[in-house]
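Novice: Below are the structure tokens for one structure; questions will follow.
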């Protein structure tokens with residue numbers, strides 16, 4: 001007799017975020033999903049119960065970075081962090097761009113908006 005859980009076809013977005021340890025709590029995961037700043041496979045998601053499947057691409061801003069994740073497997077529990085990280089592949093992590101960002105560390109914008117060396 002096997003003690004393995006049956007393979008899941010899909011799971012709720014908020015549950016995936018929580019079990020994969022992207023969010024610290026289920027409540028935080030629900031808030032992240034309902035904010036409307038999530039994209040799954042290129043479509044905007046604004047509900048926590050959106051189904052996540054293996055191969056889904058999740059794009060969202062998290063802690064000042066744009067993250068793009070590919071779901072590699074669906075977790076069967078909220079285990080240790082290493083187990084959560086094994087459920088997805090981080091494709092891109094880049095800083096969120098701001099209209100006030102300057103082009104380089106040695107460049108300062110003047111009042112009229114033209115860059116000059118510091």
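The values are calculated or read from the model by the stated rules, or taken from the named source; none is laboratory data. Keep in mind it's a predicted model, so treat the numbers as computed, not measured. Virtual Cβ from ideal backbone geometry, glycine too; neighbours counted across all protein chains shown.
Novice: Pull out all pairs, ordered by first then second residue, where Cβ-Cβ is under 6 Å, the residues are six or more apart or on different chains, the first lies in segment 1-29 and is on the phi > 0 side of the Ramachandran plot and surrounded by 11 or more Cβ atoms within 10 Å (Cβ to Cβ), and the second is outside any loop (DSSP other than H, G, I, E, B) and modelled with pLDDT of 90 or more.
Specialist: Filtered contacts from segment 1-29: 21/81; 21/84.
Novice: A further question follows. Go through segment 26-60 and count every residue that is farther than 20 Å from residue 8 by Cα and part of a strand (DSSP E or B).
Specialist: Matching residues across segment 26-60 total 7.
Novice: How do the pairs read when you match residues in segment 64-81 that are touching a residue at least 60 places away in the same chain (Cβ under 8 Å) with residues anywhere that are in a strand (DSSP E or B), using Cβ under 6 Å and keeping only pairs 6 or more apart or on different chains?
Specialist: Matching pairs, first to second residue: 74/11.
Novice: Taking the condition of being more than 12 Å from residue 16 (Cβ to Cβ) and assigned to a strand (DSSP E or B), how many residues in segment 61-93 meet it?
Specialist: 12
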